[in-house]
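Before any comments, here is the structure.
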Amino acid sequence: MPLRDLLLGLLVIAIWALNVIVIKVGVAELPPLLMTTLRFMLVSLLLVPFFPVSRSQLPFLLLLSFTFGTLHFALLFIGLSQAEAGTGALLVQMGTPFATLLAVIFLKEKLGPKRLIGLLLSFAGVIVLAGGPTLPSPLPLSILLLCALGWAVSQLLIKRGPAIAPLALAGWVALLAVPQVAVGSWLFESGQWQAIKEAGWVGWGAVFYTAVMSSIVAYGIWYALLRRHPVNRVVPMTLLVPVLAVGLGALLMDDSLGLHKLMGGGLVVAGIGLILIRFRKRRPAL
């Protein structure tokens, strides 16, 4: 990969890792479902007018708005409001092992010994994390793992669904998810108008960052890289997201860096690496 594209890939990784910290800071000023609603409104406002879709694609997008918009993003914001940023980032990475398992069950994909070891390492990492003091209580833990499952289901739906341009998909999923998370905020949260009026530049900056930088800018660069390079050269860079998020959490949020988090996080990342990275067999020298 040329140096320019490598640097662009690392920029995307940095944006996504910092996004975890930004969400954590944002939900301190805005209720999580309200912040998710505002994020979706901004994303749809910026993308939908420029990326139309056909009427026949709307049922698929509506389903995806629930699995990706509500199950993944809304639960991510709720989970991070109750967990350390670094631990939350590690737990969300379980979406990759979940997606692998779902592909084996529903798409009849072969698992293979390398990916099986990767799955075992990933789940072992969560067990090690569970023995440490930084793991959130059972409710936010379940929320973050359900968030990862929502991501995994969404990836399978995207893989089997109609071909839709990535930014069109992001915009319309956001638009269709707005009423879902808005109703959730209305039912389960209070003081929304007060929070909107009292939110400072940190809260509104967090909404802007998660919508524009993390969703539009980062994904725009990422899909351009995927068009120019083999998937196996680009996707493994995402392994750096939880590593960087843990470091940023310790640096900026004063998160702890205990032995359980380092060991458990290392197992999770190693397991996902085995799932994602394809090793080429060397040809014997002539």
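If I go through region 161-190 residue by residue, how many of them are farther than 30 Å from SER54 by Cα and either part of a loop (DSSP other than H, G, I, E, B) or in contact with a His (Cβ under 7 Å, 6 or more places away or on another chain) (or both)?
Here the count works out to 2.
Please verify whether region 240-262 includes one or more residues that are at pLDDT 85 or above, surrounded by 19 or more Cβ atoms within 10 Å (Cβ to Cβ), within 16 Å of ASN19 (Cα to Cα) and in contact with an Asp or Glu (Cβ under 6 Å, 6 or more places away or on another chain).
yes
Part of a helix (DSSP H, G or I), exposed (fewer than 15 other Cβ atoms within 10 Å of the Cβ) and of a type outside the set (Val, Ile, Thr): does that describe TRP193?
The answer is yes for TRP193.
How about region 29-57: which of its residues are in contact with a Gly (Cβ under 8 Å, 6 or more places away or on another chain) and small (Gly, Ala, Ser)?
Across region 29-57, the qualifying residue is only SER44.
Would you check if there is a residue in region 118-134 being open to solvent by 50 Å² or more (accessible area, probe 1.4 Å) and either hydroxyl-bearing (Ser, Thr, Tyr) or modelled with pLDDT of 90 or more (or both)?
no
Look at region 222-239 and say how many of its residues are in a helix (DSSP H, G or I) and open to solvent by 40 Å² or more (accessible area, probe 1.4 Å). Step through it out loud before you land on a result.
First, the residues of region 222-239 that are in a helix (DSSP H, G or I): 222-228, 231-239.
Those still in the list that are open to solvent by 40 Å² or more (accessible area, probe 1.4 Å) too: 223, 226-228, 231-233.
Qualifying residue count, region 222-239: 7.
Got at least one residue in region 85-107 being open to solvent by 30 Å² or more (accessible area, probe 1.4 Å) and without any contact (Cβ under 8 Å) to a residue 12 or more places away in the chain?
Yes - at least one qualifying residue is present in region 85-107.
Where in region 1-99 are there helices (runs of 4 or more DSSP H), lying fully within it, with 3 or more residues that are over 17 Å from the mean Cα position of the chain (by Cα) and modelled with pLDDT of 95 or more? Give the steps one after another, and end with the answer.
Details: elements: 3-26, 32-47, 58-64, 75-80, 85-92.
Here the list reads 32-47, 58-64.
So is VAL202 under 19 Å from PRO32 (Cβ atoms) and assigned to a helix (DSSP H, G or I) or not? Before you say what the answer is, go through the steps one by one.
Values: under 19 Å from PRO32 (Cβ atoms): yes; assigned to a helix (DSSP H, G or I): yes.
The answer is yes for VAL202.
Would you tally the residues in region 1-38 being among the acidic types (Asp, Glu) and in contact with a Lys or Arg (Cβ under 8 Å, 6 or more places away or on another chain)? Write out each step before concluding.
Of the residues in region 1-38, the ones among the acidic types (Asp, Glu) are 5, 29.
Next, from what is left, pick out any that are in contact with a Lys or Arg (Cβ under 8 Å, 6 or more places away or on another chain): 5.
Here the count works out to 1.
The values are calculated or read from the model by the stated rules, or taken from the named source; none is laboratory data. Note that the structure is a prediction, hence the values are computed from the model and not measured. With ideal geometry, Cβ positions are generated from the backbone for all residues, glycine too; neighbour counts draw on all protein chains shown. All accessible areas refer to the heavy atoms of the entire protein, side chains included, with ligands and DNA or RNA removed. Shrake-Rupley method; radii C 1.70, N 1.55, O 1.52, S 1.80 Å.
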